[in-house]
Each structure stands twice: as C-alpha cells, then as structure tokens.
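Okay, structure first, notes after.
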Amino acid sequence: MAGVTQDQDTIAEEMGMHTIPLRGRDIKTMFRVETEGGYGYPFAKDVDFNKRAEIDCEGKGCTFVNKRIRELMDEGHGTIVLKNPGAQHSLVVGILNRLNIIIDGSLGYFGCGLLDGPNVRISGRVGWSFGENMMAGTAIVEKNAGSTFGAALRGGDLVCRRSAGSRTGIDQKGGTIIVGGDTGAFSGFMMQRGRMVICGNAGKNLGDSMYDGTIYVGGEIQDLGVDAVQGDLTDADRAWLTRKLKMYELLPKKGVEHFTKIVAGKQLWNYDNLEPTEKKIIL
Amino acid sequence: MAGYKGSDIEDVDQFLKGDDLQSEREKTIGQHIGYRYDVNLVPDYDLITPFLQGYIEFMGWDDLNWLEDIHLGYDDGKPAVFDRNINGWIAIPDDMKLPDNQPERDMLAREILIKFQMSPDHPLVDLNKAYRSF
C-alpha cells in the first residue's frame with residue numbers, strides 16, 4: 001500500500017484490509033488421499049443406466065427440455081431419449097453427471113455444451129458450436145456438424161461421423177475431436193492441447209496459431225496455418241489412433257499409416273509470461 | 001520425451017532434482033513454471049489401475065476419456081497434478097513413492113485426481129452449493 005502513512009496502514013489493517021503480495025499466493029488445503037469418495041461428483045445424481053425415459057420436444061422450448069432432463073435425473077433415470085428435437089438451440093447443456101442421452105433428430109446452435117460426463121448420441125445433424133466447452137464424456141453425431149464444432153473443448157471425445165464446418169476445434173484445450181469426413185478452414189485454430197483426428201481432407205490454414213496439441217489428417221491438407229508444422233507419426237500415435245478410431249467404428253480399412261501428424265512449431269510459445277502457481281492443494 | 005520449450009527430458013526425475021530454475025521468468029518468481037512436461041504423451045493402457053478401470057465402467061466409457069490429458073506434472077520442484085476444477089496444482093505427498101517412468105506416474109496422477117475431485121472435501125462442493133443455479 002504505497003503512498004500511505006504508517007498510521008493509515010495500521011488503521012487500514014484494523015479495518016481488515018491488507019496488502020496481498022503477488023508472490024506466493026498459495027491456498028494450502030489439506031486432503032487425505034484415503035478420503036472416501038465415489039466415482040461421481042459428491043453432488044451428482046444417482047442414476048441407473050437401465051432406467052429409461054423419453055421427452056417429446058415438439059412445441060417445447062430448450063428451457064423446458066433442459067429442466068425436464070434434470071427432473072428425470074432426480075428420479076434416477078440414467079437413459080433419456082429426446083424425440084422431435086426440431087433443431088432447437090441450446091439443448092442438453094450443463095450436465096455434470098453420468099448419463100446416456102439419445103437424441104432422435106437434429107440440434108441447432110450450441111447443443112450439448114458444458115457437458116461433464118454424459119454419453120450423447122445424435123442421429124441427425126448439429127449446428128454451430130456443438131459440444132462447446134465440454135469437459136468429459138462422449139458425444140457422437142451421426143451426420144454433419146456446423147462451424148466451430150467442439151469450440152474450446154476441454155476433455156472427452158467428440159465425434160462427427162461425416163463432415164464438420166470451419167474452425168472445428170477452435171481454441172481446443174484438451175480432449176479428442178474425431179471427424180469422419182472433411183473439415184473446413186481454420187480447423188484447430190489456436191489449439192492449445194488435446195487431439196483432433198480428421199479422417200478426410202482439411203481446409204485452409206489448418207492449425208493456425210496452434211500452441212500445442214496434435215492434429216492427425218487422413219486425407220489432403222489444403223494448407224497449414226501459422227506455426228503449424230508436420231511431425232513424425234510415432235508408434236504411440238499409431239496405436240492411439242487405431243484404438244480410438246476402432247472404438248468409434250471409423251478406422252479406415254487401410255489402417256492409419258497414411259495419416260499426417262501436425263503439431264505446433266513452438267515459435268509462438270511464451271510460457272515464461274504465465275503467472276506463477278496460484279493455488280496449491282497439499283495431499 | 002519432449003519437454004519444456006521442446007527440450008528433451010532424459011531423466012524422469014529431472015524436475016525433482018536440485019534448483020533447476022531455467023528461464024529468466026522462473027528465476028524472477030523463484031519457482032518452476034509447472035507446464036514443462038509432455039502434454040501430448042498418450043496413455044499406456046497396459047498400466048491402467050483397478051480404480052481407474054472401475055471409474056471408466058461407472059461412467060459408461062470405453063477408455064480413460066478426459067483423463068487421457070492428465071499427466072503428472074512438476075510444480076515448484078515437487079510432483080503435482082493439475083486440477084482444472086480449481087485451477088490449481090495438487091501436490092503429491094512427500095511419502096508417496098513415485099514409479100520410475102512417466103506413463104506409470106501419469107496413471108498415479110489420474111487416480112489421485114479422481115479421488116480428490118470426487119471427495120466431499122473438494123472446493124467445488126462448496127462452490128456448487130453457493131453458486132449453482134440449475
């Protein structure tokens with residue numbers, strides 16, 4: 001608290017104000033690894049995958065449908081089928097639970113955002129920003145996806161069996177995006193972590209300004225963006241690709257040997273300007 | 001194994017040994033910047049632990065899913081795992097013996113992270129009570 005007198009400093013401290021040094025801003029919390037906990041968040045709903053329910057979305061807004069999903073989870077339903085979604089926007093968002101969701105139709109913009117755990121299967125198409133900020137779980141789209149598919153993805157597997165639009169995986173921070181067909185321009189733009197697999201062709205400026213992460217392309221790459229460079233496909237890459245693509249029935253008959261690996265050229269790396277550790281938990 | 005600024009990590013204990021402050025920024029703040037390990041290392045499923053196998057089955061997944069991105073990092077000269085839910089590092093206890101290779105250390109980190117996140121003592125529990133609106 002520069003520029004104040006000692007008296008003012010004392011008064012300020014007595015009032016509860018104090019200077020916080022920029023160094024060593026640690027929050028130390030004790031935690032025992034033996035602490036009992038389940039496999040789900042303590043606040044997660046206890047659901048049974050074998051208990052199934054349906055929601056007919058016809059004529060109902062996204063607020064009603066999203067609320068109804070939560071009510072069904074409260075009742076213990078672990079498998080929920082959405083009928084007639086009618087390409088509505090913002091359906092199935094913010095679910096922090098294990099759950100099976102089956103969507104019989106197509107979704108509009110911002111579908112399945114902020115998911116943390118569920119397994120979602122969509123029989124139709126999806127609009128812009130499907131799976132945005134997803135944390136964990138799986139989401140499989142049987143047909144095409146719009147632009148910014150998997151924007152800011154943080155974890156989990158996001159699969160589009162056909163083609164996805166431009167800026168697929170923009171600002172991806174983790175997780176896996178798999179596109180069975182082609183992707184548009186600027187896919188992997190500002191990617192920071194995670195893996196993207198494009199079984200078909202990639203559009204212009206692939207991996208532009210990517211900071212980290214890996215992009216695998218099975219087809220042609222129109223061109224690479226700034227600081228995206230070709231890497232060596234290792235045995236670990238081949239094993240991972242084979243396992244993952246087989247899991248989603250997208251493994252090409254000729255295998256994965258033809259895939260091109262794209263990584264960051266690391267010319268844009270600037271980790272030194274990161275803030276030091278802000279919080280620490282001591283086990 | 002690739003490491004910080006693309007350098008090679010030849011010794012798995014490289015970040016645990018000595019005062020290994022490298023960059024100017026690290027010297028200024030007097031501590032390691034934790035993001036120095038290979039974040040692109042894919043998991044070795046032969047090393048999966050029974051606890052993690054149970055977690056995968058409980059969630060209804062076929063593999064480690066989001067945990068594929070979890071690795072044992074090294075923060076401030078100590079082994080630690082990053083918890084995205086609190087935006088902070090969880091330090092591994094001093095008395096916990098670390099395996100001698102990174103893939104096994106990563107499995108250990110994944111198990112510790114899940115146990116921590118699913119614990120009723122996790123800070124997210126209080127945040128959830130205070131702020132969750134849906």
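Taken together, the values in this text are just the output of simple stated rules run on the coordinates, not laboratory data. Since the structure is predicted, the reported quantities are computational estimates derived from the model, not experimental observations. Please note: Cβ atoms are built from the backbone with ideal geometry, for glycine as well, and neighbour counts cover all protein chains shown.
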Could you put B:D95, A:D116, A:D74 in order, starting from the residue whose Cβ has the fewest other Cβ atoms within 10 Å? B:D95, A:D74, A:D116
Let me know the charge dipole size of the range A:34-98 about its Cα centre in debye, to the nearest 20, where only the beta-carbon of Lys, Arg (+1) and Asp, Glu (-1) is charged. 300
Per-residue Cβ counts within 10 Å, from other chains only, averaged over B:112-123: what number is that? 6
Take the cross-link list A:K45/B:K115; B:K97/B:K129; A:K244/A:K266; A:K244/B:K17; A:K244/B:K78; A:K60/A:K143 and give me the ones stretching past 28 Å between alpha-carbons. B:K97/B:K129; A:K244/B:K17; A:K244/B:K78
Summing Lys, Arg as +1 and Asp, Glu as -1, what charge do residues with Cβ under 15 Å from the Cβ of A:D46 carry, A:D46 excluded? 0
Using every pair of alpha-carbon atoms in the range B:43-127, split the distances into 5 Å bins beginning at 0 and state the percent of pairs per bin, rounded to integers. 3, 14, 25, 25, 19, 11, 3, 0
Sort A:M196, A:M247 so that the residue with the fewest other Cβ atoms within 10 Å of its own Cβ comes first and the one with the most comes last. A:M247, A:M196
Count neighbours as other Cβ atoms within 10 Å of each site's Cβ, and list the trypsin sites (Lys or Arg not before Pro) in the range A:30-119 that are DSSP loop with at most 13 such neighbours. A:R32
Inter-probe distance in nm under a simple model that places probes 7 Å from Cα toward Cβ, at B:A130 and A:R243: 3.9
What percent do you get for the relative contact order of the range A:161-277 when only Cα pairs under 8 Å and 6+ apart count? 21
Non-local residues with an amide H under 5 Å from the amide H of A:I101, with H modelled 1.01 Å from N and Pro and chain starts lacking one, are A:I80, A:N119, A:V120, A:R121
Among A:T176, A:T183, which comes first, second and so on when ranked by fewest other beta-carbon atoms within 10 Å? A:T176, A:T183
